[in-house]
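Following: one structure in C-alpha cells, then a few remarks.
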Amino acid sequence: MSTPRVSVIVPTYNRERLVGRAIESVLGQTYGDFELIVVDDASSDGTAAVVRGYDDPRVRYLRHETNRGGGAARNTGIAAA
C-alpha cells in the first residue's frame, strides 16, 4: 500500500457519542486517498470501542495512556502521519 496523499487527524477525549459521526464524515468523502488517524487522549468512556468498530484500513487508532490535552493529541497524530 502506498503512502496516502492526505492525513486526517481527529483528536478525541470522552467523545463516544460523537466520534463515530466524525469518522463517518471522513469516510463519506468522495476523495479516497487518505488515512484517518484518531488519537484518543486517554478517554474513560467507550471511545475506543467505537473507533475499533470500523473495519477500514484507512482508519488508524492511537491512544495516550494519560490525558495530555488536545495539542498533544494533534502532535501525536502529525508524528504518526
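The values are calculated or read from the model by the stated rules, or taken from the named source; none is laboratory data. Only a predicted model underlies this, so the values are computations on that prediction, with no experimental measurement involved. Reconstructed Cβ throughout: ideal geometry from the backbone, glycine too, with neighbour counts over all protein chains shown. Heavy atoms of the whole protein, side chains included, go into the accessibility calculation; ligands, DNA and RNA do not. Shrake-Rupley method; radii C 1.70, N 1.55, O 1.52, S 1.80 Å.
Would it be correct to say that A49 is open to solvent by 40 Å² or more (accessible area, probe 1.4 Å) and either small (G, A, S) or touching a residue at least 60 places away in the same chain (Cβ under 8 Å) (or both)?
In short, yes.
Identify the single condition in (1) in a helix (DSSP H, G or I); (2) of a type in the set (S, T, N, Q); (3) open to solvent by 60 Å² or more (accessible area, probe 1.4 Å) that Q29 does not satisfy, given that it satisfies every other one.
(1)
Kindly check whether there is at least one residue in segment 7-24 that is of a type in the set (D, E, K, R), on the phi < 0 side of the Ramachandran plot, under 12 Å from the mean Cα position of the chain (by Cα) and not in a helix (DSSP H, G or I).
yes
Of the residues that make up segment 67-81, is at least one free of Cβ contacts under 8 Å to residues at least 12 places away in the same chain, open to solvent by 90 Å² or more (accessible area, probe 1.4 Å) and not in a helix (DSSP H, G or I)?
No, there is no match, as no residue in segment 67-81 is free of Cβ contacts under 8 Å to residues at least 12 places away in the same chain, open to solvent by 90 Å² or more (accessible area, probe 1.4 Å) and not in a helix (DSSP H, G or I).
In the set V51, V39, which member is touching a Gly at 6+ places or on another chain (Cβ under 7 Å) and either on the phi < 0 side of the Ramachandran plot or modelled with pLDDT of 95 or more (or both)?
V39
Of the numbered conditions (1) surrounded by 15 or more Cβ atoms within 10 Å (Cβ to Cβ); (2) without any contact (Cβ under 8 Å) to a residue 40 or more places away in the chain; (3) touching a strand residue (DSSP E or B) at 6+ places or on another chain (Cβ under 7 Å), S7 satisfies every one except a single condition; which is it?
(2)
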